[in-house]
Amino acid sequence: MTDNPASDLTLEEKASLTSGADFWTTKAIERADIPSIMMTDGPHGLRKQAGGSDHLGLASSVPATCFPPAVGIGSSWDPELIERVGAAIGREAAIEDVAVVLGPGVNIKRSPLCGRNFEYFSEDPIVSGVLGAASVRGVQTQGVGTSLKHFAANNQEYDRMRASSDVDPRPLREIYLRGFERVVKDAAPWTVMCSYNKLNGVWTSEDPWLLTSVLRDEWGFDGLVVSDWGAVNDRIAGVAAGLDLEMPSSGGRTDAQLVAAVQAGELAESVLDTAAGRAIDLVRKAQQRPAVEGALDVDAHHALAREAAGRSIVLLKNEADLLPLAPAQKVAVIGAFATEPRYQGAGSSLINPTRLDAALDALRDVGGENVSYAPGFAVEGGAIAASGRSAEDLQAEAVRVAAEADVAVVFLGLPASEESEGFDREHIDLPAVQLAVLDAVLAANPNTVVVLSNGGVVALPFVDRVPAIVESWLLGQAGGSAVADVLYGAVNPSGRLTETVPVRLEDNPSYGNFPGEFGHVRYGEGLLVGYRWYDAKKIDVTFPFGFGLSYTTFSYGEATASVVDGDIVVRVDVTNTGDRDGREVVQVYTGLPGSIVQRAPRELKAFASVALAAGETRTVELVVRREDLAYWDVRVDRFVVEGGEYTVEVGASSRDIRSSVAVAVEGDAVVLPLDLNSSIGDILGHPVAGPVVQQGLAGFLGAGDAGAAEDEGMQKMMASFPIGRLVGFPGVPFTREQIEELIASANAGV
Ligand code: BGC
């Protein structure tokens, strides 16, 4: 027995284990009893291609339950639900003998234009990290691995295989890596998938800092790093940096390069041993998967998909309680999405669903003949489009049907061709033809509900004119039924926005820095991503981060906050003040007024989805982890918790704070070496030099006629004055030599 499971293999065998056999499987070595394993997409269902393979989802795959993509299920803010769905996906993978499901994706929604936002959870790293960890935990309970992707700073599709994401250290650590770190530390995914792009000029597939220093040395990741499909630029540099497995197959070409590099002494064999050893570890983990009992229960998983979809829907507006509908009301359903649902995005995550619910059928199951229908407009590729009916004709029919009903429910959404992996959107507008139909319907029947189907945020120019708006995102295969559940009130909506709905695309922080040019995209907005920006700049938004209504209402008591073992424990009473059972998503934001570093006014640090029966009050306890208070200190290259009075705000969105409390947090010590360019402020803050200089300068500053020691302005000015420039000034009570001595002993810790 040796420590490294690869050390008994030949050089060629080791190299062979570190790249794929084909599109989806690893290579076997029979003599060493190492079987091949399969990894497939992910993330919101299983996409196992049985026949032809291609990673962009064009060839069909075995039927699997299509759960809501991250844009939907993320809106539940509920790790427990996401874990259950993960477990169901894991079970489907196990039944199909798939060892690793390629997901979840926890990249930050930096711009609403990113074509792949439907596959990501949020513009906030805590939401992404907590929900991503839940997904990993769920899948892995079934003895099936996950692949946390796309590591890292892959926040757009445009030029994704070449562009460099140029990100400063603080936003990189505090926004773009924080979610990954959370998932790695909390849920130990079996694999991490590096992204296609470069990060600050270095391909992520060959970045030793990212793949080894950060991921393994700092975060303790001990699984395997797999390339995104085709992300390898230089295989030898990749393996040396910590990339263990190239996918898909390179046809043996890069394996031969590795062998030659080891033989030529350009790559240490021990490095290849490590990568091959991790590939074997992964196979061994997969072999331990317990045998699956029973067959796939398609109905049970469809029911779970329906529950998850119901929990994904965000009620944005509901004037005069237009919703929920009553079965006796005459309802005009308008919009081809009601019969031809958009339920997932295009690309590698395309699931072949076991069944597909259309909203119109589900609404008729409840409302029967009271539900009429007109397509209103054509959806590309659908039956109405094929019928060749004119836009005028479709609109006129919609108006007629709407005019005869008590309520019109208009299904609007983005065409499938606008949202896909591989390219970004160019705007955030709904198609003009749909907006025109909505206007015409509104004129005929003001009791109009809009139901949206979209994977990325859309502008809502009609927000003030439409009394009720339901954001139903992309909901997976049971979305049609879930929409009916919410519209008729069988499900009380409880989704909340994990991203801001801006008034205009131009208001978005990345605007002007997206998607970059000539191979570089500069993350110029820095830390102020999403709501952090809108709140800092006090920019009006259509709907804020964290927002969502319910058919009931919730009230909050006074929050309390105390530090327990370094973490902040927040308690607040939340009451369901209405007459329906419901769920509230309680959100905790922190801020540090007067911080020494730039911060957003409030940053989400904890949340909880809480079920409350009508009239029920519960004390909700939320924990803000100390490490989540930390900023990345570029002076010492590590996370530092700044001491001070933190504001802890508890609320129902970033703009609906219900209770606020202050709590004192002790900071981490940051002692920087002093030199003659250290400012008086730096020196006064130093544990050794501070008291000495304080005493000496008190006399100096107090010597002036105006009593300068009392003069705050003078003190502020002196705070940034380098000590080396001060010595020699008339009246300064220190010689240069004395200061040099003091600095030397301070740096020596004396
Ligand atoms: C995507 C990954 C996916 C892989 C395999 C790539 O194009 O970026 O998310 O897992 O293909 O299909």
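Is it the case that Pro104 is open to solvent by less than 10 Å² (accessible area, probe 1.4 Å), over 17 Å from Asn508 (Cα atoms) and away from the ligand (no atom under 16 Å from the Cβ)?
no
Got a sec? Which of Ala396, Ala440, Ala408 is within 39 Å of the chain's Cα centre (by Cα) and assigned to a helix (DSSP H, G or I)?
Ala440
Return yes when Thr500 is under 30 Å from Ala614 (Cβ atoms), polar (S, T, N, Q) and either touching a residue at least 60 places away in the same chain (Cβ under 8 Å) or open to solvent by less than 40 Å² (accessible area, probe 1.4 Å) (or both) and no when it is not.
Here the answer is no, as Thr500 does not meet what is asked.
Do we have Tyr158 as within 14 Å of the ligand (Cβ to nearest atom) and surrounded by fewer than 20 Cβ atoms within 10 Å (Cβ to Cβ) here?
yes
Return only the number of the condition from (1) more than 22 Å from the chain's Cα centre (by Cα); (2) open to solvent by 10 Å² or more (accessible area, probe 1.4 Å) that Trp203 does not satisfy.
With respect to (1) more than 22 Å from the chain's Cα centre (by Cα); (2) open to solvent by 10 Å² or more (accessible area, probe 1.4 Å), Trp203 is out only on (1).
Can you pull out every residue in the range 581-616 that is in contact (Cβ under 8 Å) with a residue 60 or more places away in the chain, farther than 17 Å from Ser660 by Cβ and open to solvent by 40 Å² or more (accessible area, probe 1.4 Å)?
Of everything in the range 581-616, those that are in contact (Cβ under 8 Å) with a residue 60 or more places away in the chain, farther than 17 Å from Ser660 by Cβ and open to solvent by 40 Å² or more (accessible area, probe 1.4 Å) turn out to be Asp581, Arg583, Gln598, Ala614.
Filter the strands (runs of 3 or more DSSP E) completely within the range 514-591 down to those with at least 1 residues that are within 30 Å of Val167 (Cα to Cα).
520-522, 541-543, 567-576, 582-591
Determine, yes or no, whether Ile89 is at pLDDT 95 or above and surrounded by 24 or more Cβ atoms within 10 Å (Cβ to Cβ).
yes
Can you give me the number of residues within the range 343-370 that are within 30 Å of Asp406 (Cβ to Cβ) and within 16 Å of the ligand (Cβ to nearest atom)?
So the answer is 0.
Taking the conditions exactly as written (closer than 25 Å to His301 by Cα and either open to solvent by 10 Å² or more (accessible area, probe 1.4 Å) or touching a Gly at 6+ places or on another chain (Cβ under 7 Å) (or both)), does Val98 satisfy them or not?
It is false that Val98 is closer than 25 Å to His301 by Cα and either open to solvent by 10 Å² or more (accessible area, probe 1.4 Å) or touching a Gly at 6+ places or on another chain (Cβ under 7 Å) (or both).
Just to be sure before I move on: is Ser312 away from the ligand (no atom under 16 Å from the Cβ) and more than 30 Å from Asp228 (Cα to Cα) in the structure I sent?
For Ser312, the condition - away from the ligand (no atom under 16 Å from the Cβ) and more than 30 Å from Asp228 (Cα to Cα) - is not met.
I want to confirm something. Restricting to the range 1-50 and keeping residues that are at pLDDT 95 or above and β-branched (Val, Ile, Thr), which single residue is farthest from the ligand (Cβ to nearest atom)?
Thr10
Quick one: would you say Arg342 is assigned to a loop (DSSP other than H, G, I, E, B) and open to solvent by 50 Å² or more (accessible area, probe 1.4 Å)?
no
Anything in the range 21-31 that is touching a residue at least 60 places away in the same chain (Cβ under 8 Å), out of contact with any Lys or Arg (no Cβ under 6 Å at 6 or more places or on another chain) and surrounded by fewer than 22 Cβ atoms within 10 Å (Cβ to Cβ)? List them, or say none.
Those that are touching a residue at least 60 places away in the same chain (Cβ under 8 Å), out of contact with any Lys or Arg (no Cβ under 6 Å at 6 or more places or on another chain) and surrounded by fewer than 22 Cβ atoms within 10 Å (Cβ to Cβ): Asp22, Phe23.
Scanning the range 224-243 for residues that are more than 16 Å from the ligand (Cβ to nearest atom) and outside any helix (DSSP H, G or I), which turns out least open to solvent (accessible area, probe 1.4 Å)?
Looking at the filtered set, the residue picked out is Gly242.
Just the residues that are among the hydrophobic types (A, V, I, L, M, F, W, C), within 14 Å of Gly749 (Cβ to Cβ) and in a helix (DSSP H, G or I), please, taken from the range 677-691.
Ala689
In this structure, is Gly294 away from the ligand (no atom under 16 Å from the Cβ) and without any contact (Cβ under 8 Å) to a residue 24 or more places away in the chain?
Yes, satisfied.
Give all pairs with beta carbons closer than 6 Å in which a residue from the range 376-397 that is over 14 Å from Val410 (Cα atoms) meets a residue that is in a helix (DSSP H, G or I) and open to solvent by less than 70 Å² (accessible area, probe 1.4 Å); count only pairs at least 6 apart in sequence or on separate chains.
Pairs that qualify, where the first residue is over 14 Å from Val410 (Cα atoms) and the partner is in a helix (DSSP H, G or I) and open to solvent by less than 70 Å² (accessible area, probe 1.4 Å), are Gly382/Ala336; Ile384/Ala336; Ala391/Val433.
Farther than 30 Å from Pro509 by Cβ, open to solvent by less than 10 Å² (accessible area, probe 1.4 Å) and either in contact (Cβ under 8 Å) with a residue 40 or more places away in the chain or among the aromatic types (Phe, Trp, Tyr) (or both): is that true of Leu46 in this structure?
The answer is yes for Leu46.
Condition test on Arg465, is it open to solvent by less than 20 Å² (accessible area, probe 1.4 Å), farther than 19 Å from Arg364 by Cβ and of a type in the set (D, E, K, R)?
no
Quick one: is Ile334 within 22 Å of Val470 (Cβ to Cβ) and over 24 Å from the mean Cα position of the chain (by Cα)?
Taking the combined requirement at face value, the residue satisfies it.
Test Arg182 against the criterion of being open to solvent by 10 Å² or more (accessible area, probe 1.4 Å), more than 26 Å from Arg278 (Cβ to Cβ) and either within 15 Å of the ligand (Cβ to nearest atom) or assigned to a helix (DSSP H, G or I) (or both), and give yes or no.
So Arg182 fails the test.
Only one of (1) within 15 Å of the ligand (Cβ to nearest atom); (2) open to solvent by 50 Å² or more (accessible area, probe 1.4 Å); (3) outside any loop (DSSP other than H, G, I, E, B); (4) not hydroxyl-bearing (Ser, Thr, Tyr) is not met by Val192, so which one is it?
The number of the failed condition is (2).
The values are calculated or read from the model by the stated rules, or taken from the named source; none is laboratory data. It should be emphasised that the depicted structure is a prediction, and the values quoted were computed from it without experimental measurement. Positions of Cβ are generated from backbone atoms using ideal geometry, with glycine treated the same way; all protein chains shown enter the neighbour counts. To get the accessible areas, we keep the full protein, side chains included, count just its heavy atoms, and leave off ligands, DNA and RNA. Shrake-Rupley method; radii C 1.70, N 1.55, O 1.52, S 1.80 Å.
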